[in-house]
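Worksheet: one structure, shown below.
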Amino acid sequence: MLSPENIRSNALIMKMILVFTAFPLVFFLFSPQDIDPDAALYENIFDTTRIAGYSFFRDNGIEITSENNITLFNALYPLMGTPHRIRAGRDGLDCSGLVKKLYNEVFGTNLKGASRDIFRQTNEILVEELKEADLIFFKINSNQINHIGIYLGNNKFVHSSSVSGVVINDFSKEYYQTHFYKAGRLNF
């Protein structure tokens with residue numbers, strides 16, 4: 001039979017063992033981490049290597065997340081810098097040609113006609129309602145719609161500029177706000 005003194009001694013030893021083994025574990029679990037665990041979990045779920053040109057879009061003010069249409073950005077990236085050509089051909093794209101090509105590849109939608117014809121196929125929306133892949137229409141030095149772009153988010157849109165070819169621009173710039181006509185959404 002153990003004496004009360006031996007029981008207290010054994011209990012003290014057990015407590016010390018528990019403290020010395022549990023303390024490092026508790027310290028490790030509750031110490032500040034260099035990496036935010038939520039961010040690490042997010043990175044494991046959202047693999048940015050699946051996005052062609054991920055850093056290109058980020059450098060152009062578009063932070064792509066798992067909420068974005070990855071297919072849209074993957075189809076768009078190889079077209080960046082494509083020269084502007086009236087009546088889109090093999091070696092270039094005009095604004096409506098760019099929209100038709102992307103909408104066909106990404107959504108399987110066969111749009112027809114010029115930018116004003118595409119406008120007639122959309123449901124008009126307010127600028128405040130713009131979401132990724134919505135269309136924005138312009139009247140540039142004309143009384144009719146003659147330019148179109150695809151809204152990408154964060155006030156950025158892609159279009160085929162007569163000067164720069166397929167390019168991303170800031171929709172909030174004065175030039176685009178001056179010539180902006182309306183926004184539209186295609187329902188699939």
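Computed quantities for the displayed model
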| item | result |
| --- | --- |
| Three principal axis lengths of segment 40-185 [C-alpha, angstrom, descending] | 52, 36, 28 |
| Distance between modelled label sites at N123 and K173, nm, 7 Å Cα→Cβ extension | 3.2 |
| Relative contact order of segment 85-165, pairs being alpha-carbon contacts under 8 Å that are 6 or more residues apart, as % | 28 |
| Cα→Cβ-extended label distance, 7 Å offset, between R58 and N74, nm | 1.9 |
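Bear in mind that the values in this text are calculations on the coordinates, not laboratory data. Here the structure is a predicted model, which is why all the values come from computation and not from measurement. Counting neighbours? That spans all protein chains shown, and the Cβs are built from the backbone with ideal geometry, glycine included.
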